[in-house]
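First up is the structure itself, then whatever we jot down about it.
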Amino acid sequence: MSITLRKIIFWPHLVSGVIAGLVIAVMSLTGAAIAFESEIVGWADSEARRVQVPAPDAPRLSVDELLARVKAARPKAQPSGVTVYPEPDSAVLVLTGRAEGVYVNPYTGEVREQGAKGWRSFFHVMEEWHRWLGAQGDNRPVGKAITGVANTAFLFLAISGLYLWWPRKWTLRAMRPTLWFRRGLKGKARDFNWHNTIGFWALPVLIVLTTTGMVISYKWASDLVFKLTGSEPPAAQGPAAAPAVKVPTPPEGAKPIGLEPLFAEARRQVPAWETITVRLGGGQRPNAPQGPQGQAPAPQAQGPQALTFAIREQGAWPLFAAAQVSMDPFTGQVLRRETFADYNLGRKARSWMRFLHTGEALGWFGQLLAAIASLGGVLLVWTGFALSWRRFFPRRRPSATAVEPEPAPAQSETAA
């Protein structure tokens, strides 16, 4: 029996799919489940976030007063961030942990719990399985290692699957069985048709999802993005945060001026603001600067630390971009203003990859593509397992006339 390149590619494709298939199916299913997490939680949380405006010109409590109300209502809570919204009937979000928080009525100071608890719990479980296969505590590095390897295997399956799909003859008759779903097929012929059709149409998105997944999983892959763009890789994995902002030494006995004037300055910096968020530490020293969403915190320096406000602008591009405005907490002076345009090429590319992985870089359309392709990944695993089972454990037929026809010789069967 002659050995061809197609057979050399086919068997690693099959074996990789069988070994990593179950983990790939879990990651694909959970990835589809969390594709619209922010939109669903926002919708389910809309009632909890909405407040009654007493009057069009009703005065609002200061951000500092709102924090004091939270500390009084939740003595054990440690506020770690504040997000304000431009709508008059929107409450202020005060974070009390990495993902927990409360809403505060900006007119009355009433503290209320976030809504959508069921949805939040669901998405939390989905994210744990997507990232760590549900592992907890010290077992999470093991879970992360397994999902990283499975993601790499999925990338190999996508690329090798393209080669195995590639027609020997570019004719409609040769390509038809693998370009669209065919009616009336059963068993092996149906699984072969579904496997190739789903793989073909989902391939571009799956390659993007798995490639960006590798960049997120492995520091060497993240560093490679920076090196290929001629940028210096950061010490920590992820998009490089800007260096810590040095604050001029305040006079002896000086105290921070509070958050309210700093928020006022942040509004002036970006008049068409959509949200303004400031991190207050959350386990780090108060006033420690934070990197943008999806980035590691900026390195901490000694002495007073600037407060960095992440300001999302209406109609900004990229959709995930936010201006980072760092201010002196003692004077309110703007010490640095950084936008996406100020990033080096490596930081821009790495930020794009972070949000291409979830589809958020292209808005709801990108998220929909990511969700559909992820569901396609589940079906690829199912049909791949079915094809593999039939290959290794063929069913015996009572007569030769009952044997189902093999796929057209112009195609090659894939199995993962």
Checklist entry - surrounded by 17 or more Cβ atoms within 10 Å (Cβ to Cβ) and under 29 Å from Leu29 (Cβ atoms): does that describe Trp129? => result yes
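Is it the case that Leu203 is in the same structural domain as Pro394 (by TED's automatic domain parsing) and under 22 Å from Ala35 (Cβ atoms)? Before the answer, list the steps.
Working: in the same structural domain as Pro394 (by TED's automatic domain parsing): yes; under 22 Å from Ala35 (Cβ atoms): yes.
The answer is yes for Leu203.
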Checklist entry - Which of the residues that make up the stretch 218-268 are crowded, with 17+ Cβ neighbours inside 10 Å and of a type in the set (S, T, N, Q)? => result Ser222, Ser231, Gln237
Checklist outcome for this item: Counted residues in the stretch 359-373 being of a type in the set (Gly, Ala, Ser) and over 17 Å from Phe320 (Cα atoms) come to 2
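In the stretch 36-61, what count of residues is obtained for those that are within 17 Å of Thr277 (Cβ to Cβ) and in contact with a helix residue (DSSP H, G or I) (Cβ under 6 Å, 6 or more places away or on another chain)? Don't jump to the end; show me each part of the working.
The first filter runs over the stretch 36-61 and keeps only residues within 17 Å of Thr277 (Cβ to Cβ), leaving 38, 41-42, 45, 49.
If we keep only those that are in contact with a helix residue (DSSP H, G or I) (Cβ under 6 Å, 6 or more places away or on another chain) as well, we get 41.
So the count comes out to 1.
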Checklist entry - Is there a residue being in the same structural domain as Leu387 (by TED's automatic domain parsing), in contact with a helix residue (DSSP H, G or I) (Cβ under 7 Å, 6 or more places away or on another chain), farther than 21 Å from Val23 by Cβ and of a type in the set (Phe, Trp, Tyr) anywhere in the stretch 168-178? => result no
Checklist entry - Do you know which residues across the stretch 97-113 are crowded, with 18+ Cβ neighbours inside 10 Å and under 28 Å from the mean Cα position of the chain (by Cα)? => result Gly101, Val102, Tyr103, Val104
Item to check | Qualifying residue in the stretch 73-80 (condition: among the aliphatic types (A, V, I, L, M) and more than 30 Å from Asn151 (Cβ to Cβ)) | outcome: yes
Checklist outcome for this item: Subset of the stretch 1-56, residues within 29 Å of Gly213 (Cβ to Cβ), crowded, with 17+ Cβ neighbours inside 10 Å and either without any contact (Cβ under 8 Å) to a residue 12 or more places away in the chain or of a type in the set (D, E, K, R) (or both), comes to Glu37, Asp45
Checklist entry - Conditions: (1) within 20 Å of Trp201 (Cα to Cα); (2) under 32 Å from the mean Cα position of the chain (by Cα); (3) hydrophobic (A, V, I, L, M, F, W, C); (4) buried (at least 16 other Cβ atoms within 10 Å of the Cβ). Ala189 meets all but one. Number of the miss? => result (2)
Checklist entry - Pick from Val94, Val102: which is touching a residue at least 24 places away in the same chain (Cβ under 8 Å) and either within 22 Å of Ala272 (Cβ to Cβ) or touching a Pro at 6+ places or on another chain (Cβ under 7 Å) (or both)? => result Val94
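Can you tell me which residue within the stretch 132-165, out of those that are free of Cβ contacts under 8 Å to residues at least 40 places away in the same chain and among the polar types (S, T, N, Q), is surrounded by the most Cβ atoms within 10 Å (Cβ to Cβ)? Talk me through it step by step, then tell me what you get.
Taking the stretch 132-165 first, the residues free of Cβ contacts under 8 Å to residues at least 40 places away in the same chain are 132, 134-143, 145.
Narrowing further to those that are among the polar types (S, T, N, Q): 136, 139.
On the way: Gln136: 9, Asn139: 12.
Ranking the qualifying residues of the stretch 132-165, first place goes to Asn139.
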Checklist entry - So Val205 clears everything in (1) more than 23 Å from Glu360 (Cα to Cα); (2) in contact (Cβ under 8 Å) with a residue 60 or more places away in the chain except one condition, right? Which one? => result (1)
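Residue by residue, here is whether (1) within 24 Å of the chain's Cα centre (by Cα); (2) among the charged types (D, E, K, R); (3) under 30 Å from Ile207 (Cα atoms) holds:
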{"site": "Thr30", "(1), (2), (3)": "yes, no, yes"}
{"site": "Glu39", "(1), (2), (3)": "yes, yes, yes"}
{"site": "Ala48", "(1), (2), (3)": "no, no, no"}
{"site": "Val51", "(1), (2), (3)": "no, no, no"}
{"site": "Ser62", "(1), (2), (3)": "no, no, no"}
{"site": "Leu66", "(1), (2), (3)": "no, no, no"}
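Starting from residues that are polar (S, T, N, Q) and more than 25 Å from the chain's Cα centre (by Cα), keep the ones in the stretch 315-340 and report whichever is surrounded by the most Cβ atoms within 10 Å (Cβ to Cβ). Spell out the reasoning first.
The initial filter retains those residues of the stretch 315-340 that are polar (S, T, N, Q), namely 324, 326, 331, 333, 339.
Remaining after also requiring more than 25 Å from the chain's Cα centre (by Cα): 326, 331, 333.
Numbers: Ser326: 23, Thr331: 15, Gln333: 13.
This residue is Ser326.
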Next on the checklist: Being without any contact (Cβ under 8 Å) to a residue 40 or more places away in the chain and basic (Lys, Arg): is that true of Lys117 here?
Outcome noted: yes
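The values are calculated or read from the model by the stated rules, or taken from the named source; none is laboratory data. The shown structure was predicted, so the numbers you read here are calculated from the model rather than taken from an experiment. As a convention, Cβ positions derive from the backbone with ideal geometry for all residues, glycine included, and neighbour counts pool all protein chains shown.
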